[in-house]
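Working notes for the structure below.
Only the coordinates and a few stated rules stand behind these numbers; no lab work does. From a predicted model like this one, the values you see are computed outputs, not experimental measurements. We place every Cβ from the backbone using ideal geometry, glycine too, and count neighbours over all the protein chains shown.
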Amino acid sequence: MKFRIYWFVLLLGTPLIAQEIWNANPITVSKADFADWNLEENQDRITADVWLTRKNTMGIFNIAQEDTYQMNFSPMDTEWAYGTTNEIGSLVFQDWQNTVDDNPPDMVGRDMVLHLITDDIYIDFRFTAWSASGSGGGFAYTRATESGLGIDDAFRPKLRIIPNPATSGIYIFNLPDPVEVSIVDILGRTLWKGWVGPEETVDIEALPSGWYALVSQSGLGVPFVKK
């Protein structure tokens, strides 16, 4: 069986699982100088957890979870790296301020990857404009959207497996309808098959430690680790 799963390994050999990668159909987001950051039109509401915006000064922050920019921390629930999602296995992620080395204008025109930590989504990202501090807080960027992820419609928009890594069971949730799925190993061998509802726990205690994937009938799936 063929299936598309994103397996990535860090340089030091630590596994990194990307639940979702957004690298298609880019959109443009912008906020004019001195625009009201409290208005939805001046926020990039990427997911329910992350809404990016900027006040009239300082850096970008996540107004869905914090009230203002916090140095060496904001935007909350995100981390960043220079590069693209095609290079994700070798990227080093940090908070936004350290990634841009305290020099936001220098990031303009450079490829970046934004990682939404709670949502576990990696997004291709590029700033195209940045107003200097005290000039009104304007910015613009392009970012990829979720189209073309390689995860079938039955698994969208946010299939979740917790815990991950897991020891005895995986709790599957956020499915729109019951779906027949399989658990396969990295060689593509099917170790379990069954129907799961919108929310259900699957026993994996008998599986050896290693990398696996929850795969739908169409052969597309989501990776997880058994401790």
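Some observations on this one:
- Residues Trp96, Trp192, Trp37, arranged from fewest to most other Cβ atoms within 10 angstrom of their Cβ, appear as Trp192, Trp37, Trp96.
- A simple spin-label model places the labels of Thr142 and Ile117 2.9 nm from each other, with each point 7 Å out along Cα-to-Cβ.
- Close amide H contacts of Asn62 (hydrogens built in the peptide plane, cut-off under 5 Å, sequence separation of 5 or more or a different chain): Met76.
- You can think of it this way: the chain between Ala24 and Glu40 has 3.4 nm of extra reach, that is 0.36 nm per residue less the Cα-Cα gap.
- Size of electric dipole in the range 24-145: Cβ of Lys, Arg +1 and of Asp, Glu -1, about Cα centre, debye, nearest 20: 320 debye
- For the pair Lys193 and Ala32, a Förster radius of 45 Å applied to the C-beta separation gives a FRET efficiency near 0.25, rounded to the nearest 0.05.
- Residue by residue, the range 88-96 carries 3J(HN,Hα) couplings of 4, x, 10, 7, 10, 9, 9, 5, 4 Hz when phi is fed to the Karplus relation 6.51 cos²θ - 1.76 cosθ + 1.60 (θ = phi - 60°); x denotes Gly or Pro.
- Each principal axis of the range 24-145 carries a Cα extent, and these read 38, 29, 28 Å when sorted largest first.
- Stretching the chain fully between Phe173 and Ala48 yields a gain of 43.4 nm (0.36 nm per residue, less the alpha carbon separation).
- Taking all Cα pairs closer than 8 Å and separated by 6 or more residues, the relative contact order of the range 24-145 comes to 30 percent.
- Taking other C-beta atoms within 10 angstrom as a stand-in for reagent exposure, Phe93, Phe127 fall in the order Phe93, Phe127, fewest first.
- Sites Asp203 and Gln65, calculated FRET efficiency, Cβ-Cβ separation with R0 35 Å, nearest 0.05: 0.55
- Neighbour-limited loop hits for trypsin sites (Lys or Arg not before Pro), the range 32-132 (at most 16 other Cβ within 10 Å; DSSP other than H, G, I, E, B): Arg110
- Thr78, Thr118 arranged by Cβ crowding within 10 Å, fewest neighbours leading: Thr118, Thr78
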